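Trainee: Below is the structure I would like to discuss, written out as structure tokens.
Taken together, the values in this text are just the output of simple stated rules run on the coordinates, not laboratory data. Given the structure is predicted, the values throughout are model-derived calculations rather than measurements. Cβ atoms come from the backbone with ideal geometry, glycine included; neighbour counts cover every protein chain shown.
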Amino acid sequence: EDQNILLVNKPIGLRVHGDQGETENTLVHQVQQYLIEKGDYCPEQEQSFSPALCNRLDRNTQGIVIAAKNAASLRILNQKIQERQIQKYYLCMVTGVPKPEHQLLVGYWKKNQKNNLVTISPQPVPDGKKVMTEYTVQKQNGEYSLLEIQLHTGRSHQIRAHLASIGHPLVGDVKYGGEKQKGYQCLCAYKLKFQFDTDAGILNYLNQQEFSL
């Protein structure tokens with residue numbers, strides 16, 4: 001944490017934002033309450049800004065979420081994420097051993113809004129959006145593999161669906177064909193790299209900085 005940003009390790013089971021059934025016990029609410037208690041944020045004095053999250057994680061995914069503590073930082077971070085100048089890395093456990101052990105997967109992403117299920121095809125499909133997921137096998141025992149993932153695009157369920165599409169679903173991710181564990185998929189957003197190639201204003205000091213759990 002500094003005067004502009006806060007990096008939070010979101011636990012499994014916590015939503016980043018509220019929905020119709022849950023509005024208070026969310027990560028953004030907890031961040032705002034923390035900053036209120038700390039004295040860094042006073043809602044009564046802010047006319048248009050409240051501390052906000054810059055990236056999202058699924059409810060059952062653990063890992064780093066970036067929070068902006070002021071409007072300038074929020075604008076810059078959202079722009080840098082959109083321009084792929086903040087690199088995001090994940091660790092996950094999958095069934096089997098992907099071959100080759102390092103590959104940049106390219107596919108075409110499509111989401112069924114009714115069942116909240118994503119499909120990724122190797123060839124272009126109508127209304128499909130191009131996604132790129134790079135994996136490297138870190139460890140494997142023949143039955144399972146620990147992968148480091150670098151996202152080159154950022155679509156909903158991208159890692160889960162992309163690895164399942166090549167026959168290596170995440171352990172615990174029953175939605176995409178993985179083995180059932182204790183209620184969550186083995187996926188963690190564990191590292192960020194700030195790699196700015198354009199001006200970042202008040203956040204220029206973050207350039208080339210790396211943060212990991």
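Trainee: Of the residues S48, S156, S121, which exhibits the maximal mean-square fluctuation in a Gaussian network model of the chain defined by a 10 Å Cα contact cut-off?
Mentor: So, out of S48, S156, S121, the one fluctuating most is S48.
Trainee: Also: Compute the relative contact order of the chain as a whole-number percentage, counting only Cα pairs closer than 8 Å that sit 6 or more residues apart in sequence.
Mentor: Relative contact order for the chain comes out at 20 percent.
Trainee: What dipole magnitude, in Debye to the nearest 20, does segment 130-213 give about its Cα centre under +1 on Lys/Arg Cβ and -1 on Asp/Glu Cβ?
Mentor: I would put it at about 340 debye.
Trainee: Determine ³J(HN,Hα), in whole Hz, for all residues of segment 6-16 in sequence, where each value follows from phi through the Karplus function 6.51 cos²θ - 1.76 cosθ + 1.60 and θ = phi - 60°; x replaces Gly and Pro.
Mentor: 9, 9, 10, 8, 6, x, 4, x, 9, 6, 6
Trainee: With θ set to phi - 60°, apply the Karplus curve 6.51 cos²θ - 1.76 cosθ + 1.60 along segment 60-76 and write out the HN-Hα couplings as whole Hz, x wherever there is a Gly or Pro.
Mentor: Karplus-based 3J(HN,Hα) across segment 60-76 equals 9, 10, 8, x, 7, 10, 8, 10, 9, 9, 8, 5, 4, 5, 4, 4, 5 Hz.
Trainee: Let me have the relative contact order for segment 82-186, percent, based on Cα pairs under 8 Å that are six or more residues apart.
Mentor: The normalised contact order for segment 82-186 reaches 30 percent.
Trainee: On a 0 to 90 degree scale, rounded to 10, what angle separates helix 27-38 from the longest Cα axis of the chain?
Mentor: 30
Trainee: Can you run phi through the Karplus equation (6.51, -1.76, 1.60; θ = phi - 60°) for segment 190-200 and list ³J(HN,Hα) in whole Hz, with x for Gly and Pro?
Mentor: Going residue by residue, I get 9, 8, 10, 10, 8, 10, 7, 10, 9, 4, 10 Hz, with x marking Gly and Pro.
Trainee: First select every other residue whose beta carbon is under 11 angstrom from the beta carbon of Q140; then total the charges, Lys and Arg +1, Asp and Glu -1.
Mentor: Summing Lys and Arg as +1 and Asp and Glu as -1 gives 0.
Trainee: With a point put 7 Å past each Cα toward its Cβ, work out how far I81 is from K38 in nm, to one decimal.
Mentor: Going from the I81 label point to the K38 one covers 1.8 nm.
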